[in-house]
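Here's the structure, in structure tokens; my notes come after.
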Amino acid sequence: MRGRRGFAGGEEAGEAGVLSREEIQARQAWRELGLTDYEYRLIVDGLGREPNWTELGMFSVLWSEHCAYKHSRLLLRQLPSQGKRVIQGPGENAGVLDIDEPVALAVRIESHNHPSFVEPFQGAATGIGGIVRDILAVGARPLALLDSLRFGDPALPLTRYLFGGVVSGIASYGNSIGVPTVGGEVAFAPAYTYNPLVNVMCLGLVRRDRLMKGQAVGAGNAVVLVGSPTGRDGIHGAGLLASRTFDEKAAEMRPAVQVGDPFMEKVVIEACLQALETGAVVGLQDLGAAGLTSACAETAARGGAGVEIDIRRVPRREPGMTPFEVMLSESQERMLLIVERGREEDVLAVFRRWDVPATVIGKVTGDGMFRVRDGDEVVAEVPAALLAAGSPAYSPLQVEPEEPARARQRRPGEVPVPTDEAFPAILEKLISSPGVASKEWVWRQYDHMVQINTVVAPGADAAVLRLKGSSRGIAVCTDGNGRWCYLDPRAGAAAAVAEAARNVACVGAEPIGLTNCLNFGSPEDPGVMWQFARVIEGMAEAARELGTPVTGGNVSFYNQTGKQAVYPTPVVGMVGLLGDVARVVTTGFKRCGDMVVLLGNPLQPDTDRGWQGLGGSEYLAVWHGLVAGQPPVPDLKAERALISLLVGAAREGILASAHDVSDGGLAVALAESCFAGCDAAPASGCSGGGDAPRGGGCVGVEVDIPVPSGVRPDAVLFGESTGRVVVSCRPGDWPRLDRLSRAVGVHAQPVGWVRGEHLRLSLNGRLLVDVPVARLRALWCQTIPRLAAG
């Protein structure tokens, strides 16, 4: 083997687009690839020589923020990742949880934010493809998808273009591969105008004896590349597109966006799963960010081994590609398999049957080096551990940003209390606002029933999936609130975990674990890093208290254009286990005459430091045009008790419906329970005993909320104070619900009845809202289709 200092291989000057070592130095080309001078010196020291052009490119992608988590990984250690159900935590392609079955649950969430701004359809589509391959890489069959989306001002043509393109991309790819999209969320705020957030989550089921790791083990074992041929799409996707802020040249980055082929993805999934059945595959890794470079270096580093490949064997769809381009390409629908020596043909035969390209491109070695050949020429040779895990970890300066601090410190008295006559208009404006309005236009484009596992479809507090051959089910949701985290990142992050756990509990499931996607501006901004650190603190505290360990996730920095960063937006993907899927609870009111009960602590004058749930609320933003105040601070012990009550009451069959109080407050929660009840209404209707035909009438509700002195009426109806759930039950079941709630220390207050076809809301006997549910529902349903139509 050549000595490192004497190694001179690789492309040299004269080949198009290739720089010699002298040109690299003269141009300080590492800066063009996103590396700092300090990082370049570390690379030189680690190699004992200067890197060539291909090696520099390889380091630029694996030492990018997107791949290396340089600014976040020290803080991420605070997140709890161990628990009684955690089989596999952070560090692999997906977390894996025990669900008391022969199969385990794989879970992961990822972002594809930057590509989705540059090219929304392909950016979102390939985000789906990538997260599905992450699940496949642990040996799991993909079970379901969710998406958490953020867009800018809905009045802008740019927002409508991005919104339509992203939703179409998700639908096109997910529907084509036969994986249902069963849930998610969509929010709008000006902070996301030039930096939309596209976070995608996937679940999968894996046999315990087939759980795979992304590692290269066994010197002499074969390295097999399968899937689509390699092209020039996606080069610099991780190193530049996803690891720096946008500027006026963002459109020029379109070639860095990957191009997806969902039909190839489908056969790659099936072929890989069948290949695992041979028992010859000992390692499995997807080719996502940084392509071949990442897949080979990471598997070698995890396995404590080396890898040698010959890129001349890599199937290509474009002529004249340089080693730099082959190694950095992020062409989609590719997987890397480590196959036992002597059993290569067993695996290759599987891929031939599926008509999927599969090629032995190299072997595992025992020297710890990642060696890249182009035929007889060595074009790159670096220590795998240095490349995959040797990047520096930074502890940047943290300074609380002034603007959100000022907004948080505003006084509740600055917000006028509306007159009684204004309440119906406020509710109608909230119901029709893009953040609250029905997202049915979105999820109707997704095939959410394929695989016929979906028990509770999109639009509920959480989706529910049956486990075939078992009475159990899986509940899953995504949650996050950027406004709250902007005003108080610690409280906002804790509230995101609490709401996600509460949502899966609303359908009757016990929360068992979470995955997260942390979306922020530039880590070079001390204010952003202060927000990030507080979010980690809040998320860690809530995850520990609620017993929901973090199984893995993603950090997406540089969601920023110029000085305008997105709201700090941690998205929580929560999964829960339902003991008996036949006991599932849904959102909608079911029967005329059912009792309506509000679970959770009642508002007090000093709740949320006097803001009583109004700080950072949808009401404050939509009606008053303000993002201000102290957002709700969750009482995590009370949240845990509430979750226990919901799960227990569902198990005993007490609850007819359950819906958490969140965006828009109690009034919106009651209205949404009515809307869902309209879908579930029996043919006899629910109009005070009348015989209104199905579709001709809607389920109504009459409530009267007792309000303590000093509590604002708009806070009662539109405040978003956490830890509250609206449930309904038969009057005869109320004593059992009351006993259960007392046993766990949860306040349960009967507030009204399911009856009529109006939403009638009173406070201390004073009627403030009396609106036909059908009118509200029409407003709720029309906003998003109109937005999409332009």
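The values are calculated or read from the model by the stated rules, or taken from the named source; none is laboratory data. In this text the structure is predicted, and so the values were computed from the model without any measurement. With ideal geometry, Cβ positions are generated from the backbone for all residues, glycine too; neighbour counts draw on all protein chains shown. All accessible areas refer to the heavy atoms of the entire protein, side chains included, with ligands and DNA or RNA removed. Shrake-Rupley method; radii C 1.70, N 1.55, O 1.52, S 1.80 Å.
Points worth noting:
- Among the residues of the range 616-637, those identified as more than 26 Å from the chain's Cα centre (by Cα), touching a residue at least 12 places away in the same chain (Cβ under 8 Å) and open to solvent by 20 Å² or more (accessible area, probe 1.4 Å) are W623, H624, L626.
Residue-wise test of (1) of a type in the set (D, E, K, R); (2) without any contact (Cβ under 8 Å) to a residue 24 or more places away in the chain.
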| position | (1), (2) |
| --- | --- |
| R406 | yes, yes |
| A422 | no, yes |
| I431 | no, no |
| G435 | no, no |
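- As a summary of the residue check, D663 satisfies the conditions (1) open to solvent by 30 Å² or more (accessible area, probe 1.4 Å); (2) of a type outside the set (G, A, S); (3) assigned to a loop (DSSP other than H, G, I, E, B); (4) at pLDDT below 95 except for the one numbered (4).
- Complete set of residues in the range 141-162 that are touching a Leu at 6+ places or on another chain (Cβ under 8 Å), open to solvent by less than 10 Å² (accessible area, probe 1.4 Å) and among the charged types (D, E, K, R): R150
- A search for C-beta distances below 8 Å between a residue of the range 177-193 that is touching a residue at least 12 places away in the same chain (Cβ under 8 Å) and any residue that is hydroxyl-bearing (S, T, Y) and part of a strand (DSSP E or B), counting only pairs 6+ apart in sequence or on different chains, returns P180/T454; V182/T454; G183/T478; G184/S148; G184/T478; E185/S148; E185/T478.
- Residue within the range 487-509 that is surrounded by 24 or more Cβ atoms within 10 Å (Cβ to Cβ), charged (D, E, K, R) and part of a loop (DSSP other than H, G, I, E, B) present: yes
- Residue match in the range 731-747 (condition: at pLDDT below 95, buried (at least 21 other Cβ atoms within 10 Å of the Cβ), in contact with a strand residue (DSSP E or B) (Cβ under 8 Å, 6 or more places away or on another chain) and of a type outside the set (G, A, S)): no
- Candidate set: the range 510-527, residues that are more than 15 Å from S148 (Cβ to Cβ) and touching a strand residue (DSSP E or B) at 6+ places or on another chain (Cβ under 6 Å); chosen: the one most open to solvent (accessible area, probe 1.4 Å): E510
- In the range 412-422 there is no residue matching the filter, namely being among the small types (G, A, S) and within 26 Å of K266 (Cβ to Cβ).
- One residue alone among L145, L162 is touching a Pro at 6+ places or on another chain (Cβ under 8 Å) and closer than 23 Å to V528 by Cβ, and that residue is L162.
- Any hit, the range 162-173, residues being in contact with a helix residue (DSSP H, G or I) (Cβ under 9 Å, 6 or more places away or on another chain) and modelled with pLDDT under 95: no
- Cβ separations smaller than 9 Å between residues 6+ apart or across chains give the following pairs from the range 457-471 residues that are within 18 Å of L670 (Cα to Cα) to residues that are assigned to a strand (DSSP E or B) and open to solvent by 30 Å² or more (accessible area, probe 1.4 Å): A460/T586; D461/T586.
- Qualifying residue in the range 696-713 (condition: in contact with a helix residue (DSSP H, G or I) (Cβ under 9 Å, 6 or more places away or on another chain) and closer than 30 Å to D153 by Cα): yes
- Members of the range 178-193 found to be among the β-branched types (V, I, T) and surrounded by 24 or more Cβ atoms within 10 Å (Cβ to Cβ), listed by number: V179, T181, V182
- Looking at G469, G513, G527, just one residue is closer than 24 Å to Q564 by Cβ and among the small types (G, A, S), and that residue is G527.
- Enumeration of residues in the range 306-320 that are modelled with pLDDT of 95 or more and open to solvent by 10 Å² or more (accessible area, probe 1.4 Å): E308, D310, R312, R313, P315, R316
- Pairs are defined by a Cβ separation below 6 Å, a sequence spacing of at least 6 or placement on different chains, a first member in the range 575-592 that is touching a residue at least 12 places away in the same chain (Cβ under 8 Å) and surrounded by 21 or more Cβ atoms within 10 Å (Cβ to Cβ), and a second member that is of a type in the set (V, I, T) and part of a loop (DSSP other than H, G, I, E, B); the pairs so defined are L577/I99; V585/V507; F589/V699.
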